[in-house]
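This report refers to the structure that appears directly beneath it.
Each value in this text was obtained by applying a stated rule to the coordinates, not by laboratory testing. These numbers were taken from a predicted model, which means no experiment stands behind them. So basically every Cβ, Gly included, is an ideal-geometry build from the backbone, and we count neighbours across all protein chains shown.
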Ligand SMILES: [Fe+2]
């Protein structure tokens, strides 16, 4: 347990949470001196009609805009560079990202490339961005990535086939407009996977060796909200109260992980996602209980706190049983969310594991994992999740 006297900082953007928050975009853009806006939104979001809704708002305020939508679910380096080219060609001075983690991460990348005039991959790692981005408003439409409040962006290096983590205060948006109504368009699969991503964010932030009393508060409440509301939501996808609770849990998870960072699940999941272009939430969910099996010994008290918040009764159980109770509870939760896959079913081959482990060892998220793994440890965890 860390002492509250240890130095810790907490970075968060201005954010508005609640019904109708998305309708404030034009007002904020005007206040932040927008002249011409680049809207960054993928094609799936355009189909929902939410981009039209945003354009109408900007028209009402006589704000000019252009739209960039060539964004994959794991945003690529060249997509960021193309977006930055459009930002420059269209003489934009402002960005609004509307969408899930991929649109928001791509928008963040476009922002720092535009201001620093460098290639996106030059920013890999911690604190490598020297010039701030143009003003950025994020409007999330999923409840999981929390890119709208975090200082992270994850971009695919298409040549190396790895996901690159960029961590910098320059990636914290100026404003996040967090409106639970936007998440009503998500289907069962996306709702489950994004919520499980948020759950993993909170788990990893809570046991991170950079955690603090403030990130712990957010992480624990987020785990409480997700673990008790995700199953009811998956049976009632149009329930706005449940959508709001999961959106709030994602926000809290984002505040926690943006400041306490993540751990081994994300390091391994970034490696997997880059190598095989897999769903981030699903990779995390598959790996979580296997990483807990490895980490438990280093942060036992914290894992027990998480277990209690999720409703596990540890009465009279031995330490090894306590670990099993948490792992079994998570397996049951994952099953109820429809995550029953394994790495093998996702197309991972055993011969890939050494390379996957090597890439995971280089990921910045590994630094804050409570237990330092060796290459062999990571290979073993991959095999356990096979
Ligand atoms: Fe994540």
task: Write down Rg/Rh for region 1-128, rounded to two decimals, with Rg from the C-alpha atoms and Rh from the Kirkwood relation over Cα pairs.
output: 1.03
- prompt: Which value at 222 nm does the chain reach when only helices count, each DSSP H run of 4 or more adding -39,500 (n - 2.57), with the total divided by all residues and rounded to the nearest 500 deg cm²/dmol?
  reply: -16000 deg cm²/dmol
- prompt: How big is region 186-384 on each of its three principal axes, counting only the C-alpha atoms and giving the largest first in Å?
  reply: 45, 37, 32
task: Pairs of Cα atoms under 8 Å, at least six residues apart: use those to get the relative contact order of region 71-172, whole percent.
output: 32
query: So what's the angle, to the nearest 10 degrees on a 0 to 90 scale, between helix 240-260 and the longest Cα principal axis of the chain?
result: 80
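Using r as the Cβ-Cβ distance of residue 128 and residue 217, and R0 as 22 Å, what FRET efficiency do you calculate, to the nearest 0.05?
Efficiency, from the Cβ-Cβ distance: 0.15.
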- prompt: How many angstrom separate the Cα center of region 16-79 from the Cα center of region 342-381?
  reply: 37
message: Using only the alpha-carbon atoms, how far is helix 50-60 inclined from the longest principal axis of the chain? Give it as 0 to 90 degrees, nearest 10.
response: 40
- line: For the chain, the longest principal axis of the Cα atoms and the Cα long axis of helix 213-234 enclose an angle in degrees, to the nearest 10, of 90
- request: Do me a favour and compute the ellipsoid semi-axes for the chain from its Cα gyration tensor, root of five times each eigenvalue, largest one first, whole Å.
  value: 33, 23, 19
- request: Would you mind calculating the gained length between residue 293 and residue 82 on full extension (0.36 nm times residue separation, minus the Cα-Cα distance), in nm to one decimal?
  value: 71.7 nm
task: Take every Cα pair under 8 Å in the chain that's 6+ residues apart, average their separations, divide by the length, and report that relative contact order as a whole percent.
output: 16
field: Estimated inter-spin distance, residue 340 and residue 66, nm [label 7 Å along Cα→Cβ]
entry: 4.8
Using a Förster distance of 45 Å, the FRET efficiency for residue 33-residue 5 (Cβ separation, nearest 0.05): 0.65
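Hey, fewest Cβ within 10 Å first, where do 324, 79 land in order?
Result, fewest neighbours first: 324, 79.
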task: Could you give me the percent of Cα pairs per 10 Å distance bin for region 314-386, shortest bin first, beginning at zero and ending with the bin that holds the maximum distance?
output: 17, 33, 40, 10, 1
